[in-house]
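So the structure is just underneath, and the comments pick up after that.
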Amino acid sequence: MNIAKRSGNFITSIIKIYGPSKLKNFLWDREFSGNKWDFIDDTAGDCVYQHLEKFANNGNILDLGCGPGNTANELRSEVYGKYIGVDISEAALAKGVKRSKENGRGEKNSFVMSDFLSYAPSKEFDVILFRESMYHVPFGQVLELLEKYSKHLKSGGVFIVRLYAADTAGKIKSRVKRKLDLIRHEFDIVESAQYETPALPTVLVFRPRRRNSMV
């Protein structure tokens with residue numbers, strides 16, 4: 001990859017994290033309207049599903065940064081009641097809506113176009129999922145964002161975060177590790193699993209930490 005292309009990719013990745021919503025929407029729509037992300041259209045058997053199935057409780061799932069609706073259509077239908085997917089890309093959501101209708105889940109699955117950093121849910125959920133989307137949350141906003149969404153967890157509900165802790169050569173991603181370590185330090189971990197492939201897919205299931213009442 002030449003220097004110009006590398007620089008362009010770096011700038012794009014920075015905008016996806018720190019840029020204004022309209023610009024992020026433009027970039028993600030351009031990519032999902034093309035074939036850049038076609039390789040993620042089939043993720044059946046992903047390690048995150050066994051955790052989702054365990055904690056969905058036949059209830060509500062909020063998927064933040066849902067992309068083209070993989071979770072909404074690959075998760076076993078009988079394990080959840082309602083699903084809401086949130087994504088900033090209208091092109092990605094159109095794929096999720098189409099797949100849901102084709103799979104007979106048009107009434108079960110719904111989708112909202114929004115930057116999930118500013119999205120305001122109107123109900124409570126059994127699971128709030130960040131499936132790779134935590135990559136695009138600035139480190140300094142991770143706790144604030146999770147505290148905001150904590151208010152929309154049902155009693156006994158959980159967050160699930162799924163990230164690759166390393167690159168395909170097995171080199172640890174320091175920024176990802178910092179986020180995972182932060183979550184481990186600040187929340188009650190229910191399950192922690194790291195799967196043995198070179199990229200080390202990692203799943204954390206966690207809840208807000210119970211604070212001791214002031215006497």
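The values are calculated or read from the model by the stated rules, or taken from the named source; none is laboratory data. Every value quoted in this text rests on a predicted model; they were computed, and no experiment measured them. Positions of Cβ are backbone-derived with ideal geometry, glycine not excepted, and every protein chain shown enters the neighbour counts. Just the protein is used for accessible areas: all its heavy atoms, side chains included, with ligands, DNA and RNA removed. Shrake-Rupley method; radii C 1.70, N 1.55, O 1.52, S 1.80 Å.
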Fill in the blank from the handout: Highest mean packing first, using Cβ neighbours within 10 angstrom, the peptides 55-65, 106-116 sort as 55-65, 106-116
Exercise for the section: Can you grab the distance from the C-alpha centre of the stretch 142-203 to the C-alpha centre of the stretch 63-100, Å, no decimals? Expected result: 20 Å
Exercise for the section: Leaving ligands, DNA and RNA out of it, report the carbon-plus-sulfur percent of the accessible area of the chain at a 1.4 Å probe. Expected result: 54 percent
Problem - With DNA, RNA and ligands ignored, accessible area of residue 17 (1.4 Å probe; Å², nearest 10) - result: 30 Å²
Completion exercise
Measuring from its Cα centre, the stretch 32-106 shows a charge dipole (+1 at each Lys and Arg Cβ, -1 at each Asp and Glu Cβ) which, in debye to the nearest 20, is 220 debye
Handout entry: Whole-number accessible area per residue in Å² for the stretch 72-144, which is evaluated in the context of all protein chains at 1.4 Å
Key = 44 Å²
